[in-house]
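Each value in this text was obtained by applying a stated rule to the coordinates, not by laboratory testing. Since the model is a prediction, treat every value here as computed from it, not as a measurement. Positions of Cβ are generated from backbone atoms using ideal geometry, with glycine treated the same way; all protein chains shown enter the neighbour counts.
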Amino acid sequence: MRSPRVTRRGSENVEGMMSDRNSLGEVVNVPTRRQAIVGVAAAFGGLVLGSTRAWAGTEEAISHTAESIHLEPVFKASRKRVYEALTDAKQFGKVVQLSAAMKGGMPPGAGPAEISREAGGAFSLFGGYITGRQIELVPNERIVQAWRAGGWDPGQYSIARFDLVEQGSETKIVFDHTGFPVGRAEHLAEGWKANYWEPLEKFLA
């Protein structure tokens with residue numbers, strides 16, 4: 001798999017998507033729902049999303065500091081199999097079991113993955129730490145999600161887009177993640193690698 005590539009636009013010294021207030025040290029031996037979320041937050045680097053509002057018409061109101069993440073991991077599986085692994089709750093639950101989030105502090109008893117397979121439907125992953133809604137689902141071709149982490153303010157979402165491209169017997173995911181402020185894109189990119197791409201590769205092997 002290729003190394004993550006982060007596309008930057010603008011300044012680096014602003015708040016980002018990862019929250020540093022949670023750590024694995026807060027997780028004790030008897031897991032509670034809050035501790036499960038804390039553990040996953042630490043494994044993901046503590047994702048925190050803010051939003052930058054830009055109204056058209058005035059230069060002063062247009063953000064020039066947005067970041068985006070672009071990744072192109074390749075998997076030794078068909079597009080159908082990759083799509084199913086990302087949209088079937090039972091299969092993605094097995095991906096979670098192989099993730100850094102599970103190894104780094106997410107209690108085994110955390111809630112199972114819940115994934116709607118209809119546009120507009122909800123999903124809940126990693127014990128409820130990652131939630132959102134399916135914006136567009138094109139079987140074996142494309143997944144677009146409104147995606148958020150548990151520590152974000154109500155109503156704050158980013159956009160995650162997965163385009164599945166056939167490459168012979170393999171599948172490349174052309175992945176783009178937008179809608180978060182600058183400063184923490186590297187941490188988020190590592191979270192995608194450690195909690196999605198690497199465990200997905202193991203699951204599909």
Checklist entry - Points 7 angstrom from Cα along the Cβ direction at Glu136 and Lys103: gap in nanometres? => result 3.5 nm
Checklist entry - Taking the Cα-to-Cβ direction at Glu166 and at Glu72 and moving 7 Å from each Cα, how far apart do the two end points lie in nm? => result 1.9 nm
Checklist entry - By how many nm would the segment from Arg117 to Lys90 grow when fully extended, if each residue of separation counts as 0.36 nm and the alpha-carbon distance is taken off? => result 8.5 nm
Next on the checklist: What would the Debye equation give as log₁₀ I(q)/I(0) for region 73-135 at q = 0.20, 0.23, 0.24 Å⁻¹, counting only Cα atoms as equal point scatterers?
Outcome noted: -0.81, -1.00, -1.05
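Under the definition of Cα pairs under 8 Å and six or more residues apart, what whole-number percent is the relative contact order of region 67-205? Could the numbers behind the result be given before it?
Working: 269 pairs, mean separation 45.4, N = 139.
Answer for region 67-205 is 33 percent.
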Checklist entry - Sorted by average packing, counted as other Cβ atoms within 10 angstrom per residue and highest first, what order do 121-130, 160-169, 74-83 take? => result 121-130, 74-83, 160-169
